[in-house]
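Encoded as structure tokens, the structure appears first; notes follow it.
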Ligand SMILES: Nc1ncnc2c1ncn2[C@@H]1O[C@H](COP(=O)(O)OP(=O)(O)OP(=O)(O)O)[C@@H](O)[C@H]1O
Ligand SMILES: [Mg+2]
């Protein structure tokens, strides 16, 4: 079961939302609704299922409805129509008291402008959520100290927010959100106010913490590079409508429409995509044997290359062409292990960028090996070249800016 689910969520801002809803159902779009009634279509029939442990990114241009969407998850906003479910329960049916408990225990929010309390120390800021919950001073300070340390701020416990840089303040914000133990983190443009370098450090830290803690993160950004970097999946919003949901590779390689295509056009694919997106499964694995037997085996599989394995794991890669050549040549190695090229291996999550030099050098496809030493696939230089060359040929439709607020 999905952890969070939005079903047919529509939000209309303005004087008569129900009347607006009727118009929207009759086919009126955001622009027309505004022109005719002055009401704003914030979200339109949004359906999403967010799985536990995901970093689920919502992205879109300014005004597309990102903040409106995330605010539905803790009921800072109630929908005009539709349901919001957490663990299968409709949070719109919660009593005031149940809602308060839900907000304290299940969700915590990290804000763009940090939202720290200026007259409280770092430690007291981080401990705040636990204090509200009535935890004893000692216990909450122990927990808070631990989180301050984990986000890399040990030694700053007694500092005040104004004594810290922006990046440090946002670490405090993150520690505060994590300290409550809430399993759902809502982050609305949480890193947007940070310098690029600090920002990428915070992204790394979030990814690392996430891998360790397995909380669920709903992360809003208007920056595609950030979305691709941290997202397990990405939802793209346009005028309150979800136009695509997919993994970073799906968004990059198969944009659903021109709007998404315009976003992804300038992305550095070699950096954004991982080896997983270009590898093919290894169809032929061989142990050390004679070249005749190896070649026969490769032909039987219709494989142009094979991974050579030894008792202790991966040994190297051979191509059928090389084996054939060796069989013809006098004085060439007679055993497969001697012929195999011990090409460097890569894990599936390696950015393609890091594999390119080796792919050009090795002269054989490169093996993709997981942490347990299992060969998961092979990457050919041709596959890398093809993926990097595939670009949307057409130009963007007029009026779509891909980075609306970066200059702001
Ligand atoms: N309280 C409100 N009253 C009226 N209209 C609103 C309200 N909140 C949001 N809107 C409108 O709803 C739409 C979506 O706004 P929202 O703040 O969700 O966009 P966003 O994607 O978060 O944009 P940004 O990237 O600028 O933060 C916009 O057209 C906005 O004007
Ligand atoms: Mg917003």
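Nothing in this text is a laboratory measurement; each read-out follows from the coordinates by a stated rule. Given the structure is predicted, the values throughout are model-derived calculations rather than measurements. In this analysis, Cβ positions are derived from the backbone assuming ideal geometry, glycine residues included, and neighbour counts consider all displayed protein chains.
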Specify the angular offset, from 0 to 90 degrees and rounded to the nearest 10, of the alpha carbon long axis of helix 352-362 from the longest principal axis of the alpha carbons in the chain. 10 degrees
What distance in nm separates the two pseudo spin-label positions at residue 371 and residue 201, each 7 Å out from Cα along the beta-carbon direction? 2.5 nm
Could you state the angle between the C-alpha long axis of helix 96-105 and the longest principal axis of the C-alpha atoms of the chain, as a value from 0 to 90 degrees rounded to the nearest 10? 40 degrees
Cβ neighbours within 10 Å, averaged per peptide: list 350-360, 327-337, 62-72 in order, most packed at the top. 62-72, 350-360, 327-337
Sorted by packing (mean other beta-carbon atoms within 10 Å per residue), highest first, where do 28-37, 173-182, 76-85 land? 173-182, 76-85, 28-37
Classify the chain as rounded, prolate or oblate from the Cα gyration tensor: take a ≥ b ≥ c as the square roots of its eigenvalues, call it rounded if a/c is under 1.5, otherwise prolate when a/b beats b/c and oblate if not. prolate
In nanometres, what is the gap between the two model label sites at residue 87 and residue 136, each 7 Å from Cα along Cα-to-Cβ? 2.7 nm
Expressed as an acute angle from 0 to 90° and rounded to the nearest 10, what is the orientation of the C-alpha long axis of helix 291-301 relative to the principal long axis of the chain? 40 degrees
Give the separation of the Cα centroids, segment 42-110 to segment 291-359, in Å. 51 Å
Most fluctuating residue of 249, 321, 193 in a GNM of the chain with Cα springs under 10 Å: which is it? 321
Segment 277-389: relative contact order from alpha carbon pairs under 8 Å, six or more residues apart, as a whole percent, is 27 percent
Efficiency by 1/(1 + (r/R0)^6): what FRET value for residue 18 and residue 76, r their Cβ-Cβ distance, R0 = 22 Å, to the nearest 0.05? 0.60
If I stretch the segment between residue 94 and residue 290 completely, what's the gain in nm (0.36 nm per residue apart, minus their alpha carbon distance), one decimal? 63.5 nm
